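Here is the structure we will look at, set down as structure tokens.
The values are calculated or read from the model by the stated rules, or taken from the named source; none is laboratory data. If you're wondering where the values come from, they're calculated on a predicted model, not measured in any experiment. Note that we place each Cβ from the backbone using ideal geometry, even for glycine, and neighbour counts take in every protein chain shown. Note: accessible area is taken over every heavy atom of the protein model, side chains too, but ligands, DNA and RNA are not part of it. Shrake-Rupley method; radii C 1.70, N 1.55, O 1.52, S 1.80 Å.
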Amino acid sequence: MLEQLWNYKSACEKAYGKSIEPVCESYHLSRTELDILLFLANNPQFDTATDVVEKRGISKSHVSESVKSLEEKGYLMRSHQNNNRRTIHLTLCPKADEIVSMGRQGQIRFAETMMQGFSPEELQTMREFVERMARNVENDG
């Protein structure tokens with residue numbers, strides 16, 4: 001069973017990569033750069049580099065390098081809030097809107113491909129199983 005989960009994870013990562021690869025190529029972005037843009041757009045409550053590292057599991061050095069690149073390209077802006085000089089908040093610039101839109105379309109295509117052929121009841125059961133597995137992992141760590 002464990003081997004199947006690892007194979008499934010690998011296959012999903014590959015398929016997801018193929019679904020967003022055209023966006024990366026069109027805008028000359030690395031996969032990490034697009035992942036950061038989409039993460040910030042899809043999770044506005046998480047807006048720091050630390051959030052990206054913790055929630056997406058991307059290494060701190062890759063996040064730092066990608067944030068710098070995205071800022072230089074005009075897709076992202078760093079700022080401090082409430083006189084807190086230690087925490088840097090990340091904000092998407094309007095220039096990133098089209099990229100985010102195309103990236104989300106890739107995410108939707110991936111999800112539709114992955115979920116095709118499942119009934120609504122099966123999808124609900126799967127959602128419950130995945131949520132339970134996530135709780136098990138969180139409670140163990």
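Give me the residue from segment 64-84 that is more than 24 Å from Y27 (Cα to Cα) and part of a loop (DSSP other than H, G, I, E, B) and, out of that set, nearest to the chain's Cα centre (by Cα).
Here the residue is N82.
Criterion first (of a type in the set (K, R) and at pLDDT 95 or above) does R104 satisfy it?
Spelling it out, R104 is indeed of a type in the set (K, R) and at pLDDT 95 or above.
Looking only at segment 84-141, count every residue that is of a type in the set (S, T, N, Q), more than 23 Å from K14 (Cα to Cα) and in contact (Cβ under 8 Å) with a residue 12 or more places away in the chain and tell me the total.
Residues meeting the conditions: 2.
Looking at C24 and the list (1) within 25 Å of E138 (Cβ to Cβ); (2) within 14 Å of the chain's Cα centre (by Cα), which single condition is not satisfied?
(1) is the only condition that C24 fails.
Looking only at segment 85-141, filter to residues that are aromatic (F, W, Y) and part of a helix (DSSP H, G or I); which one of those is most open to solvent (accessible area, probe 1.4 Å)?
The residue in question is F129.
Kindly establish whether F46 is aromatic (F, W, Y) and crowded, with 16+ Cβ neighbours inside 10 Å.
Judged against the criteria, F46 is not a match.
Checking the conditions here, which among S30, S26, S66 is crowded, with 19+ Cβ neighbours inside 10 Å, modelled with pLDDT of 95 or more and among the small types (G, A, S)?
Answer to the check: S66.
Residues being farther than 15 Å from I36 by Cα and open to solvent by 90 Å² or more (accessible area, probe 1.4 Å): count how many of those fall in segment 70-84.
Number satisfying all stated conditions: 2.
Can you name the condition, by its number, that S61 falls short on among (1) in a helix (DSSP H, G or I); (2) of a type in the set (S, T, N, Q); (3) surrounded by 10 or more Cβ atoms within 10 Å (Cβ to Cβ)?
(3)
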